[in-house]
1. Run the quick spin-label model on residue 35 and residue 56: label points 7 Å from Cα toward the beta carbon, then report their separation in nm to one decimal.
2. Heavy atoms only, probe 1.4 angstrom, no DNA, RNA or ligands counted: give me 44, 16 ranked by accessible area, highest first.
3. Starting from the amide H of residue 30, placed 1.01 Å from N in the peptide plane, find each other amide H under 5 Å away whose residue is 5 or more places distant or on another chain.
4. Residue separation times 0.36 nm, minus the C-alpha to C-alpha distance between residue 66 and residue 12: what's the value?
Amino acid sequence: MTTVLTPATPLTAADRCDRCGAQAYLRVVLLSGGELLFCAHHGRKFEPELKKIAAEIQDETERLTVPASADTEEH
């Protein structure tokens, strides 16, 4: 997915996918104004259509593959 790097507000656990309600990892700012939020699954599924209507796509899906830090590991 094409990503535009701008100083956008990071997505949090409170940001939910507009399609299924799962945690959102993509924010799509629309050319017409407004925004849509998607989980990684639906972001990939709708990628071709989203690219046509997006002014910007904030993609934070890399957070799904970043290993947990030593501070958060259970002992």
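The values are calculated or read from the model by the stated rules, or taken from the named source; none is laboratory data. Since this is a predicted model, take the numbers as computed values, not measurements. When we count neighbours, we look across all protein chains shown, and the Cβ atoms used for this are built from the backbone with ideal geometry, even at glycine. These accessible areas exclude ligands, DNA and RNA; they are computed on the full protein's heavy atoms, side chains included. Shrake-Rupley method; radii C 1.70, N 1.55, O 1.52, S 1.80 Å.
1. Simple spin-label model gives 0.8 nm for this pair.
2. 44, 16
3. 35, 36, 55
4. Length difference between fully extended and current span is 17.9 nm.
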